[in-house]
């Protein structure tokens with residue numbers, strides 16, 4: 001059955017959203033259209049203040065509206081409501097109790113409103129309203145329950161990933177301090193995570209982990225003696241500090257550890273056959289793999305293999 005729409009684009013936006021949860025009768029749609037109205041808020045304007053009665057329920061058509069709970073020491077963001085979401089006081093949503101938080105627009109916002117008493121009267125007149133808001137409240141309750149646990153137990157990366165998933169189209173629009181408070185983080189901590197994510201996105205576009213692995217295998221830059229961070233960065237066509245970041249991010253290693261790992265693996269692979277060792281001393285094997293120092297080769301080999309090169313290859317002869 002096709003959806004009946006009103007003459008108001010704002011009402012239609014709400015009706016379409018509600019209908020995604022449960023079918024609505026033409027009578028309910030008309031009643032909703034006749035008894036709702038649009039309002040606009042400027043950035044930093046309050047929709048509700050703590051202690052006031054919540055006389056209306058709202059649907060955010062466009063904007064970012066947040067709840068804030070304050071005491072003498074701090075202000076905490078209790079919720080963030082964005083385009084396409086239902087908004088009401090958490091307590092006093094029926095207009096019978098004072099609000100326990102301030103509700104403020106974080107950007108210029110446009111909402112659809114309806115008197116609370118009239119809105120709740122729709123439950124008595126239209127049976128589908130009960131099914132509709134049962135589903136909506138179940139969804140909001142599940143999200144709130146998940147967030148209450150996640151914010152307490154999740155890591156920094158997990159919290160930021162949750163924020164990106166919850167507000168994919170609003171990340172740049174929600175103020176840093178509001179987002180940080182919502183995630184129970186300090187502003188500086190969240191900013192570092194944002195910067196890290198941005199850097200990662202840029203570098204991922206330039207150089208993936210897989211492309212690094214392929215290049216290392218094909219071109220074997222680690223065989224160059226006294227290879228420097230700058231030289232390897234030039235090989236990958238990125239800056240040295242970007243290479244250091246990727247080595248840590250992709251492999252949890254610094255430059256020296258990364259290169260020496262490749263060199264030791266090269267020795268294990270290419271000198272496993274005793275025939276290949278005939279013309280080399282142990283020191284020569286290290287030099288062939290890119291080590292410029294016998295002591296560095298022996299130290300790295302023992303650290304990674306668990307035995308000195310001499311003992312390891314003597315056992316291979318047996």
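Looking only at the stretch 159-171, decide whether some residue is in contact with a strand residue (DSSP E or B) (Cβ under 7 Å, 6 or more places away or on another chain) and part of a loop (DSSP other than H, G, I, E, B). Lay out the reasoning, then the answer.
Start the filter on the stretch 159-171 by keeping residues that are in contact with a strand residue (DSSP E or B) (Cβ under 7 Å, 6 or more places away or on another chain), which leaves 167, 170.
Now restrict to residues that are part of a loop (DSSP other than H, G, I, E, B): 167, 170.
Among the residues of the stretch 159-171, at least one is in contact with a strand residue (DSSP E or B) (Cβ under 7 Å, 6 or more places away or on another chain) and part of a loop (DSSP other than H, G, I, E, B), which makes the answer yes.
The residues in the stretch 280-300 that are in contact with a helix residue (DSSP H, G or I) (Cβ under 6 Å, 6 or more places away or on another chain) and within 20 Å of residue 228 (Cα to Cα) can be counted, and the count is 7.
Being in a helix (DSSP H, G or I), out of contact with any helix residue (DSSP H, G or I) (no Cβ under 9 Å at 6 or more places or on another chain) and either under 30 Å from residue 264 (Cα atoms) or not assigned by TED's automatic domain parsing to the domain that holds residue 104 (or both) is true of residue 210. The lone criterion from (1) assigned to a helix (DSSP H, G or I); (2) touching a helix residue (DSSP H, G or I) at 6+ places or on another chain (Cβ under 6 Å) left unmet by residue 184 is number (1).
The values are calculated or read from the model by the stated rules, or taken from the named source; none is laboratory data. Just so it is clear, the model here is predicted, and its values are computed rather than measured. With ideal geometry, Cβ positions are generated from the backbone for all residues, glycine too; neighbour counts draw on all protein chains shown.
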